[in-house]
Structures are given as C-alpha cells and as structure tokens.
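Below: one structure, written as structure tokens.
The values are calculated or read from the model by the stated rules, or taken from the named source; none is laboratory data. Every value quoted in this text rests on a predicted model; they were computed, and no experiment measured them. Heads up, the Cβs are rebuilt from the backbone with ideal geometry, glycines too, and the neighbour counts pull from every protein chain shown. Each accessible area value is taken on the protein alone, full model and side chains, heavy atoms only, with ligands, DNA and RNA left out. Shrake-Rupley method; radii C 1.70, N 1.55, O 1.52, S 1.80 Å.
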Amino acid sequence: MAEGERQPPPDSSEEAPPATQNFIIPKKEIHTVPDMGKWKRSQMWNEVHEEKEQAAEQNVSCDECIPLPHAGHCAPQEAIEKLVALLNTLDRWIDETPPVDQPSRFGNKAYRTWYAKLDEEAENLVATVVPTHLAAAVPEVAVYLKESVGNSTRIDYGTGHEAAFAAFLCCLCKIGVLRVDDQIAIVFKVFNRYLEVMRKLQKTYRMEPAGSQGVWGLDDFQFLPFIWGSSQLIDHPYLEPRHFVDEKAVNENHKDYMFLECILFITEMKTGPFAEHSNQLWNISAVPSWSKVNQGLIRMYKAECLEKFPVIQHFKFGSLLPIHPVTSG
C-alpha cells in the first residue's frame, strides 16, 4: 500500500456488521469430544483457516514492513494506536501489581489481583477502541480480551489464550474497527505488543504453561508468532532456518524478527542444551527454507491446536464468531 493512501471509512467496509446485528455474550459450545464435529463444520472453522493463511501471505507482501521496528510504517490507523495503548495499560498494571511472597515458586497469586482489574475494566478498555455507534458490540468483544491473558484460577497461559487474542482482533475486523488490509500492522504492531505483555506476565507471575507437551511441544506458551515470524523471514537474504539455533544470530537479529524473538524468550526461560529442552524446534531448524517451515507450522497448528479438544473446549462463541454450520452457496 502506498504511503498516505487512505482507505474507505469503516461504515463502507464489507466487514462492518449490519445495523440490526444482535450482539451476544460468547459462551462455551464444545463440551464433549463429539462436539468437535460442530466446530469443524462451522463457518468460523473456515474463516480461521482462510484468515490465518492470508495473514501468513500478507506478512511478506511489503518489503519495507518486514523488520519489526519498521512496522510503524504499515498502514497507520487510529485503531491500531488505540490497541497498542490498551496493551500499554495492561503492561502498566503489571508494574503496579508486584509479585507477593509465597511458598510456591510458580503461579504467583498477585496475578489474580492483576486479572481482577482487567476483569473489571475490560469493557471500558475495549470502549476506547470501538466507536460509540458500535458500543453494543463492546461486551461481546471484551470477553475475548479477558480470555486472552491466561486463567486466573490455575494461573496458567497457553495457545488457547493466544487464540482468544486472535479472536479479539478478528472481532474488531468483523465490526469494521480494523481492516483486513491492516494485517501487517495488526500482526507486527498489535500482536507483537501483546506478545511482549504476555511474556512480562509469564515472567513476573511465573505462570504455568497450559497444556504444555514439554520437550515434544513447539513452545510452552505461544504458537502463532512462529507461523507469522517464519513468513516474515521467507526469502531473507542471509538468515536461514539453521540460524535460529545460533545464539549469535539470534542476539543480533531478534529485535527485527518475531521468530527470533520467540527463540530468545525460550532460551531465557529454559536452561540446558536447546536440542534437549526444545527438540521440536531443533528439528525444524534442519528444514531447508522458511517457506517450508511456514507451511509445516500451519499444518502443525491445525493438528495441535485447532483440532485438539483440550484447547477448543475453552473457546467461546458468540454472534461475531458463531459455531453455526457453513451455509451452502
């Protein structure tokens, strides 16, 4: 997109909801393993696959936007800046809610105090991003924000929470606050800032990984940034998949590339040889190209996250992200 090019206002967007849209509070619909059939036949299942793959393609469609520091040049939009400000608020609340002394090393109970503040303020935060004429959508959209930061009972975080933040962004696209054309900025400005805040939460409150597969899993906490981060590196002039297990290459380039930032965080959180604590990633480093890495990770995400009952059983469905079956044309 040319710098300075303007998009049509949200009310002319195809993504904007009809004026008669009845928003509802999202709720769980997947209660048993057989319910997964409803999920796989749903319109949302199709949309998730399409949007995830489109995002992977678009992340490499703008050369000047590939390094993370340059993401600010990508289709600047007021809503993007408001979302970053929202995440900055969550970050500030962490500073205002220090860990408490407790016998257990993991799962610091101060997280519950932090989460209670978000639970109370979520709708007010979302209202700063959503225009007043769409105020009716705020309670529905705010549910996904609250679901995206971890579980306050277990004090854990995993790919299901990460998926809830992707759903939060998807809802904002559906009501016209964000534009599909802004996918690069959504990923490299908003989602990247979300990752920074989640990492701070995980480190500050020593959160447990939700549903971790240990050495056989991709990562204890995240998955999507590996997909988008690998797409960011496709056709890179010198960084190849083998370089992400090279400490020097990671240290020199992590600020520019989402995938390498993920690797750095893993090495900060885990001790011992990389091949032992992150065997799956170690194997991926032998793949010859980033495009093959990206394609493999998309398949892996479908199998390990989207098709797994332990992950999807916690997802909530509403009017914007319904579980209704696909309607035939």
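Considering only Cα-Cα distances, which of the following residue pairs are longer than 30 Å: K248/K292; K174/K248; K82/K203; K146/K302; K40/K292; K292/K316?
Result: K174/K248; K292/K316 exceed 30 Å.
Suppose R0 equals 25 Å. What FRET efficiency, 1/(1 + (r/R0)^6) with r the Cβ-Cβ distance, do R112 and R92 give to the nearest 0.05?
The computed FRET efficiency comes out at 0.90.
Would you please give the FRET efficiency between K292 and Q102, computed as 1/(1 + (r/R0)^6) with r the Cβ-Cβ distance and R0 = 56 Å, to the nearest 0.05?
0.80
Pop out the carbon and sulfur fraction of the accessible area of segment 290-329 as a percent, whole number, probe 1.4 Å.
53
For F317, which sequence-distant residues (separation of 5 or more, or a different chain) have an amide H within less than 5 Å of its own amide H, given hydrogens modelled in the peptide plane?
K27, K28, E29
Set the Förster distance to 30 Å, then compute FRET efficiency between E247 and M36 from the Cβ-Cβ distance, nearest 0.05.
Computed FRET efficiency for E247 and M36 comes out at 0.15.
In nm, to one decimal, how far is the T267 label point from the A135 one, both placed 7 Å along Cα→Cβ?
Once both label points are built, they end up 5.1 nm from each other.
Accessible area of segment 127-218 with a 1.4 Å probe: how many percent of it is carbon plus sulfur?
Looking at segment 127-218 in its full context, I get 56 percent from C and S.
So what's the gap between the Cα centers of segment 131-157 and segment 260-329, to the nearest angstrom?
Cα centroid to Cα centroid, the span is 22 Å.
Keeping all protein chains in place, calculate the accessible area per residue for segment 126-253 (probe 1.4 angstrom), answer in Å².
33
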